[in-house]
Amino acid sequence: MKGNRTYFASDFHLGLVAGTDPRKREARVVAWLEEASRDADAIYLLGDIFDFWWEYKHVIPKGFTRFLGKLASITDSGIPVHVFTGNHDLWMKDYLVQECGVVMHHKPFITKIGNEEFYLAHGEGLGTTSKGFKIILSIFNNKFLQRAYSALHPAIGMGFGHAWSRSSRLAKHISLPFMGGEREDLIRHTRRMVSEGCGARYYIYGHRHLPMTFDENGKRIIILGDWFSLNSYAVYDGRELTLVNEPLNP
């Protein structure tokens, strides 16, 4: 049965062997989903849910059974779950749609929740001035290269993908502090969207791995953070959008 709250989370990086035990992290995510589903109207998972996900035509990554089962259970109960692709799992196709009943988003999504408009995105590449990152994203999104990669045997493709993910800043415990409104890509992107006429009041992103609320000119930006040092998520109760940081249990 639907409730009256909308939940937002991102950057679980399920499967990543770094920082915290991946099975314990999956258990925390599943427990949070169970708790949220008790009063949720909808749940939005804003990307990098998996640390690496490559969806072959007849093969999917092993593991994540409890997480996928919980998604299916929630959607079967009538609560919509929206899943966004991130830069670590942008190759998700229709498996979660067909088997777990989720709504899949590959691009930023604007929606109305209650009386307010929300702009939702994982955030990779938005507002960036890095030519290198833009080149990487263009490679990741190239359809020809994706077909070529899918021709690799899954043992090779998955092995290479996991090796790549282990080289990320998160896996190496490298985090960047808040750099100020002028230098933060997602704040810069939000300002551009507002200047171009986007009417959303709330802007929610993942990707940055820094839980943060930033208010400016009647707009609220929330960056959701990751699930390595905090159980961080946002909740909208129909009146207020709040970022919640719950420390990990010792």
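Read-outs: derived from the displayed coordinates by stated rules, not from any lab. Keep in mind the model is a prediction, meaning the values are calculated, not measured. Here the Cβ is made from the backbone with ideal geometry for all residues, glycine too, and neighbour counts use every protein chain on show.
So, counting K/R as plus one and D/E as minus one, what does the shell of residues with Cβ under 9 Å around residue 203 add up to?
+3
Quick one: longest stretch of the chain between exposed loop GluC sites (Glu not before Pro), exposed meaning at most 10 other C-beta atoms within 10 Å and loop per DSSP?
1-181
Tell me the trypsin sites (Lys or Arg not before Pro) within segment 185-240 that lie in a loop according to DSSP and have at most 15 other beta-carbon atoms within 10 Å.
Sparse-neighbourhood loop trypsin sites (Lys or Arg not before Pro): 201, 239.
Could you rank the peptides 143-155, 69-81 by their average count of other C-beta atoms within 10 Å per residue, with the highest value first?
69-81, 143-155
Would you work out the relative contact order for segment 46-111, in percent, from Cα pairs under 8 angstrom that are 6 or more residues apart?
Reported relative contact order: 40 percent.
Could you derive backbone 3J(HN,Hα) for segment 104-116 from the dihedral phi with the Karplus parameters 6.51, -1.76 and 1.60 (θ = phi - 60°), listing whole Hz in sequence and x where the residue is Gly or Pro?
Once rounded to whole Hz, the list reads 9, 10, 9, 9, x, 9, 10, 9, 9, 10, x, 9, 10.
What lysines sit close enough to residue 143 to cross-link, taking a C-alpha to C-alpha distance under 21 Å and skipping anything fewer than 8 places away on the same chain?
Leaving aside lysines fewer than 8 places away in the same chain, those within reach of residue 143 are 57, 93, 107, 131, 134.
Assuming 0.36 nm per residue, please report the length gained on full extension of the stretch residue 66 to residue 95 beyond their Cα-Cα distance.
8.9 nm
Please compute the net charge surrounding residue 6, taking Lys and Arg as +1 and Asp and Glu as -1 over other residues with Cβ under 15 Å from its Cβ.
Combined, the nearby Lys, Arg, Asp and Glu give 0.
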